[in-house]
Amino acid sequence: MSNKALFLDRDGVINIEKNYVHRIEDFEFVDGIFDVMAAFQSKGYMLFVITNQAGIGRGYYTEADFHKLNSWMLNELSLKGIDIQRVYYSPYHADHGLGNYKQDSICRKPNPGMILQAKDEFDIDLTQSFLIGDKQSDIEAGMRAGIGTNILIETNQNSLTNEVIRQTILG
């Protein structure tokens, strides 16, 4: 039996969108995100983060900076009882990447590579899975991968409408 999953974009969904967040002191969780993750987790969904990180490719910060922030974020989520199976990221940008980072990668959203990698590694039934993103490229990646439900949210008030998501999706 395949697993079901919740795929979450990072910047704008898990944390407040700021200009290329890569330092712990600049990372601020979106209000309501813990409740949303916990609700899906309690219903048996595996949780994954899929994030474009073109700031690496552009030379704004390093992969080491990303991994340091990522480890901190995962620890904070773990303290809230939230288990992220894996964080997938794409440091590439076809136009603005530097050196080896200048490429059109299958893993850079709107391409579905990160989702398909998770599907293969964790035996995920994408038709029974959800994706939450704040950009059309997130939704397009989910649709290209075959995710059953793709939700475009607006977090411009720095708050995720967790009540709406819970009532609509989880019942």
Where Val49 falls short, out of the listed (1) part of a helix (DSSP H, G or I); (2) in contact with a helix residue (DSSP H, G or I) (Cβ under 9 Å, 6 or more places away or on another chain): (1)
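When the stretch 20-46 is examined, which residues are found to be small (Gly, Ala, Ser) and not in a helix (DSSP H, G or I)? Give the derivation first.
So in the stretch 20-46, the residues small (Gly, Ala, Ser) come out as 32, 38-39, 42, 44.
Listed by number, the residues that qualify are Gly32, Gly44.
So, in the stretch 2-54, exactly how many residues are free of Cβ contacts under 8 Å to residues at least 40 places away in the same chain and surrounded by fewer than 16 Cβ atoms within 10 Å (Cβ to Cβ)?
Step one: filter the stretch 2-54 for residues free of Cβ contacts under 8 Å to residues at least 40 places away in the same chain, giving 18-19, 25-26, 42, 53.
Okay, now just the ones that are also surrounded by fewer than 16 Cβ atoms within 10 Å (Cβ to Cβ), so 18-19, 25-26, 42.
Here the count works out to 5.
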Kindly list the number of the only condition in (1) out of contact with any Phe, Trp or Tyr (no Cβ under 6 Å at 6 or more places or on another chain); (2) under 21 Å from Gly146 (Cβ atoms) that fails for Thr51. (1)
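Taken together, the values in this text are just the output of simple stated rules run on the coordinates, not laboratory data. These figures come from a predicted structure and were not determined experimentally. Neighbour counts run over all protein chains shown; Cβ positions are idealised from the backbone, glycine included.
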